[in-house]
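Beneath this line is the structure, given in structure tokens, with notes to follow.
Any read-out appearing in this document is the output of simple, stated calculations on the displayed coordinates, not a laboratory observation. From a predicted model like this one, the values you see are computed outputs, not experimental measurements. As a convention, Cβ positions derive from the backbone with ideal geometry for all residues, glycine included, and neighbour counts pool all protein chains shown.
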């Protein structure tokens with residue numbers, strides 16, 4: 001499995017939730033799944049919901065199936 005880390009740069013004016021986290025704090029590594037499969041859209045919705053509901057990032061786990069190429 002290839003792991004691509006996101007750069008740690010944050011824009012100084014990113015919105016934060018009540019816990020002080022930005023949406024970016026919930027995102028994790030860069031996706032290696034195919035752009036057209038829909039997994040990334042679902043992940044983005046989960047990230048946005050957790051940010052809006054003020055759930056701490058370390059209390060969220062995203063699991064998926066094998067995807068189209070066993071990359072998940």
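The label-point distance for residue 56 and residue 24, in a model that sets each label 7 Å from Cα toward Cβ, rounds to 2.3 nm. Ordered by the count of other Cβ atoms within 10 Å of each Cβ, fewest first, 34, 50 give 34, 50.
How much length, in nm to one decimal, is gained on full extension between residue 41 and residue 17, taken as 0.36 nm per residue of separation minus their Cα-Cα distance? Fully extending the segment from residue 41 to residue 17 adds 6.5 nm.
Among 25, 40, sorting on how many other beta-carbon atoms sit within 10 Å of each Cβ, with the fewest leading, yields 40, 25.
Of 47, 16, the sequence from fewest to most neighbouring Cβ atoms within 10 angstrom is 16, 47.
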